[in-house]
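Only one structure is covered here, and it is reproduced in the block below.
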Amino acid sequence: PSGMVAAGNLVLEGLLEQGYEAYFVGGCVRDELLGRPVHDMDLTTSARPEEVMGIFPRCVPTGLAHGTITVLQDGWSFEVTTYRTESGYADHRRPEQVLFVSDVKEDLRRRDFTINAMCRGLDGAVVDPYGGQEDSERRLIRCVGDAEARFGEDALRMLRCVRFASVLDFSIAKNTWRGLLRQRDKLAHIAVERVRAELERIVLGPHPQRGLGLVARSGLLPRGKAPFPWTGSDMAAAAALTAGIGDLEDAHLRWALLLHALKQTASEAGELLRAWTFPGATRSAVAGVLRVREGWDSALASVPPGSPGGTEALRRRWIAAVLACGQSAAEGWLTLLAALPQAAAPCAAGVAQPPAPALGAPDAGAPAAQRPNAPDTGAPAAQRPTPALLRSWTAEMPLHTLAELAVTGNELAGALNKRPGPWLGERLQQLLLAAAAGDIPNDNQSLLQEAKRMDPNEP
Ligand code: ATP
Ligand code: MG
């Protein structure tokens, strides 16, 4: 945004006017060079933190010990950090010592990758001692200095390396990749929130398939135990199954696809997302999609292909799954199905089965003719339904929730002359399924009549 650039220029000028050196640095310089949108601008300066605070009345000492002051200007905020070096990374994450220095090149040397180790002055001149411009042109992620050592200092850099390669669709320089492979086990030192944040930027970014392939090949995620309980070969297989992940627009579906590809059950997926510190809404949305898969898989397993009346039985099982998991989870699963490679999406295959008895056979819940919206599924029965057919079954449902049912629990208890109890919820669910499947119209009289018919104690 131009307002941000203008405000940033004012901060830069404020420092220069007082005789300090100051530059824009890091991600904003990289993104400007790459012609990518710049979302925030960081500054680096020779001024000490207390000097920065003396110049700008509106500022917050966000990271005083590390030399970072947040300066507020015209509604924008800028992180202004004093030139510094770092040393002593005993925990493979955070430096134990920060030393303020006077040369901007020293400051740039502590930064992770060449493309992130450039700064730009007010005049537009770029300071680039480590070849960041050349690497941007060659689309390469390369460590500043010795890769193995840099990854050993701060293990998070390895996942940042993969994340930048994924988001920018860059390659990783040979030595950098080699250093990463040597240090990959150290990623276990990194807090799960940080790992999750990087993984999230890979999965939700523009080239998630590339990132997941790199995650798999790097062997970076701690393998075989919680909260990343899979092996290198599981991850490689998952990367192959998620080829279509970049086409999914919904973030929840991207996670659902990944967890599906990693062979997680709905409840395992929910637990993993909890361990990765995702909010409850994300967990339940993702697990909901996988729960539809489970309902549908068990439907397919219980209705053998070619069984008489199988298509109708499957239709009812599908509708029950939609009612149990919700329409949006069901839609989500269908979208996922379309993103899976055909071989991995058995019910999408639509394999032709030998001719089977037509609809309306004895095991069908209700004769087709009795259903107002009976879809013409086209015999032969019990061909595996395609996602398109599942979608049309969903679309034909006249209602999706108990709230839409044209009878209340109280009415029902009154009409049957029974005390409310656990039976009531069950009966309402049965009525909901019957109405959703089109066996009976969703009106008060029909529903009460059906309830009486269902109730063995009533005449
Ligand atoms: P984006 O904000 O798009 O993730 P960025 O490059 O701005 O990209 P930040 O995490 O905001 O990334 O960090 C700002 C700058 O700080 C980086 O460009 C890099 O120079 C430096 N930096 C950040 N994290 C590290 C790290 N772990 N090791 C070394 N330098 C780092
Ligand atoms: Mg940034």
Helices (runs of 4 or more DSSP H) contained in segment 146-249 and holding at least 1 residues touching a Ser or Thr at 6+ places or on another chain (Cβ under 8 Å) = 147-153, 156-168, 174-183, 192-203, 208-218
ask   = For segment 76-107, what are the residues that are modelled with pLDDT of 95 or more and either of a type in the set (D, E, K, R) or within 33 Å of the chain's Cα centre (by Cα) (or both)?
value = W76, S77, F78, E79, V80, T81, R84, D103, K105, E106, D107
request  = Go through segment 208-235 and give me each residue that's farther than 19 Å from T265 by Cα and of a type in the set (A, V, I, L, M).
outcome  = L212, L214, V215, A216, L220, L221
inquiry  = Name the single residue that is farthest from ligand 2 (Cβ to nearest atom) among those in segment 39-66 being surrounded by fewer than 18 Cβ atoms within 10 Å (Cβ to Cβ) and assigned to a loop (DSSP other than H, G, I, E, B).
reply    = P57
inquiry  = Would you confirm, using the coordinates I've provided, whether G3 is assigned by TED's automatic domain parsing to the domain that holds V127 and either within 16 Å of ligand 2 (Cβ to nearest atom) or at pLDDT 95 or above (or both)?
reply    = no
query = Within the bounds of segment 22-35, is there any residue that is near ligand 1 (Cβ under 9 Å from one of its atoms), without any contact (Cβ under 8 Å) to a residue 12 or more places away in the chain and within 16 Å of V126 (Cβ to Cβ)?
reply = yes
ask   = Which condition number in (1) surrounded by 13 or more Cβ atoms within 10 Å (Cβ to Cβ); (2) at pLDDT 90 or above; (3) part of a helix (DSSP H, G or I) is the one that N410 fails?
value = (1)
request  = Run down L402, L337, L314 and say which single residue is of a type outside the set (V, I, T), under 24 Å from D250 (Cβ atoms) and at pLDDT below 95.
outcome  = L337
remark   = The number of residues in segment 37-56 that are under 18 Å from W76 (Cα atoms) and either within 16 Å of ligand 1 (Cβ to nearest atom) or within 27 Å of the chain's Cα centre (by Cα) (or both) is 8
ask   = For V29, are the conditions met, namely being within 28 Å of V162 (Cβ to Cβ) and in contact with a Cys (Cβ under 8 Å, 6 or more places away or on another chain)?
value = yes
query = Of the conditions (1) in a helix (DSSP H, G or I); (2) more than 10 Å from ligand 1 (Cβ to nearest atom); (3) under 24 Å from G8 (Cα atoms); (4) touching a residue at least 40 places away in the same chain (Cβ under 8 Å), S102 fails just one. Which one is it?
reply = (1)
query = Where residues in segment 142-152 are over 13 Å from L181 (Cα atoms) and surrounded by fewer than 24 Cβ atoms within 10 Å (Cβ to Cβ), which of them is nearest to ligand 2 (Cβ to nearest atom)?
reply = V144
query = Can you name every residue in segment 12-30 that is of a type in the set (A, V, I, L, M), out of contact with any Leu (no Cβ under 7 Å at 6 or more places or on another chain) and within 11 Å of ligand 2 (Cβ to nearest atom)?
reply = V29
request  = Please find, among L64, L34, the residue that is under 31 Å from the mean Cα position of the chain (by Cα) and either farther than 23 Å from I115 by Cβ or not basic (K, R) (or both).
outcome  = L34
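Let's see how each residue does on (1) charged (D, E, K, R); (2) without any contact (Cβ under 8 Å) to a residue 40 or more places away in the chain; (3) in contact with a His (Cβ under 8 Å, 6 or more places away or on another chain); (4) farther than 30 Å from R391 by Cβ:
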| position | (1), (2), (3), (4) |
| --- | --- |
| P420 | no, yes, no, yes |
| G425 | no, yes, no, no |
| A437 | no, no, no, no |
| I440 | no, yes, no, no |
| P456 | no, yes, no, yes |
message = Every residue in segment 264-307 that is of a type outside the set (S, T, N, Q), assigned to a loop (DSSP other than H, G, I, E, B) and over 23 Å from I190 (Cα atoms), please.
response = V303, P304, P305, G306
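The values are calculated or read from the model by the stated rules, or taken from the named source; none is laboratory data. The structure presented is a predicted model; accordingly, all values stated were derived computationally and were not measured. When we count neighbours, we look across all protein chains shown, and the Cβ atoms used for this are built from the backbone with ideal geometry, even at glycine.
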